[in-house]
Amino acid sequence: QAQVVESGGGLVQPGGSLRLSCGTNGFSLAYYTIGWFRQAPGKEREALLCLSNSDETTYYTDSVKGRFTVSRDNARNTVSLQMKSLKPEDTAVYYCALALTCSSDIGNFGSWGQGRLVVVSS
């Protein structure tokens with residue numbers, strides 16, 4: 001079955017940087033929009049940004065704008081989320097998800113990665 005696979009994340013000190021990558025088990029990501037979400041314990045899943053299939057980024061929260069960027073690497077068939085100047089409040093499980101058009105609506109995305117934990121702590 002087709003799968004969306006995430007890698008990266010981990011533990012970093014405040015002010016540090018981390019990268020998450022979103023890939024597949026074979027099918028191409030080139031035609032999909034890629035949304036990034038996060039969910040902390042006790043909180044709702046939050047839409048962060050979305051990369052369109054024309055590689056335009058839309059931000060859905062000011063809390064990550066200027067710190068998080070997303071890029072597509074068609075040669076590697078991956079989409080990466082680069083996170084810098086990380087704060088403790090960024091601690092969450094991060095998800096990538098696939099859709100045909102960008103939206104902040106969770107229901108718009110049909111295929112999801114398994115999630116990767118990011119912990120920002122000193």
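The values are calculated or read from the model by the stated rules, or taken from the named source; none is laboratory data. If you're wondering where the values come from, they're calculated on a predicted model, not measured in any experiment. For neighbour counting, all protein chains shown are included, and Cβ atoms are generated from backbone atoms with ideal geometry for every residue, glycine included. The accessibility values were calculated without ligands, DNA or RNA, using every heavy atom of the protein model including side chains. Shrake-Rupley method; radii C 1.70, N 1.55, O 1.52, S 1.80 Å.
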The range 12-26 residues that are over 23 Å from residue 97 (Cβ atoms), paired with ones that are among the polar types (S, T, N, Q) (beta carbon under 7 Å, 6 or more apart)
13/122; 14/122; 15/85
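Restricting to the range 42-53, name every residue that is open to solvent by 40 Å² or more (accessible area, probe 1.4 Å) and at pLDDT 95 or above.
Selection gives 43, 44, 45, 46.
Kindly evaluate residue 63 against the criterion of being closer than 21 Å to residue 89 by Cα, crowded, with 17+ Cβ neighbours inside 10 Å and out of contact with any Phe, Trp or Tyr (no Cβ under 9 Å at 6 or more places or on another chain).
It is false that residue 63 is closer than 21 Å to residue 89 by Cα, crowded, with 17+ Cβ neighbours inside 10 Å and out of contact with any Phe, Trp or Tyr (no Cβ under 9 Å at 6 or more places or on another chain).
Within the range 65-76, work out how many residues are of a type outside the set (Lys, Arg) and more than 14 Å from residue 51 (Cα to Cα).
Of the residues in the range 65-76, 2 are of a type outside the set (Lys, Arg) and more than 14 Å from residue 51 (Cα to Cα).
Here's the yes/no breakdown for (1) surrounded by fewer than 16 Cβ atoms within 10 Å (Cβ to Cβ); (2) over 10 Å from the mean Cα position of the chain (by Cα); (3) without any contact (Cβ under 8 Å) to a residue 60 or more places away in the chain:
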position: 73; (1), (2), (3): yes, yes, yes
position: 77; (1), (2), (3): yes, yes, yes
position: 83; (1), (2), (3): no, no, no
position: 86; (1), (2), (3): no, yes, no
position: 91; (1), (2), (3): no, yes, yes
position: 109; (1), (2), (3): no, yes, no
For residue 64, are the conditions met, namely being of a type in the set (Val, Ile, Thr) and touching a residue at least 40 places away in the same chain (Cβ under 8 Å)?
no
Here is a list of conditions, (1) open to solvent by 10 Å² or more (accessible area, probe 1.4 Å); (2) touching a residue at least 60 places away in the same chain (Cβ under 8 Å), and residue 97 meets all of them except one; can you say which number that is?
(1)
All-but-one check, residue 17 against (1) polar (S, T, N, Q); (2) closer than 22 Å to residue 107 by Cα; (3) open to solvent by 30 Å² or more (accessible area, probe 1.4 Å), failing number (2)
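Quick one: how many residues across the range 31-41 are farther than 16 Å from residue 6 by Cβ and at pLDDT 95 or above?
2
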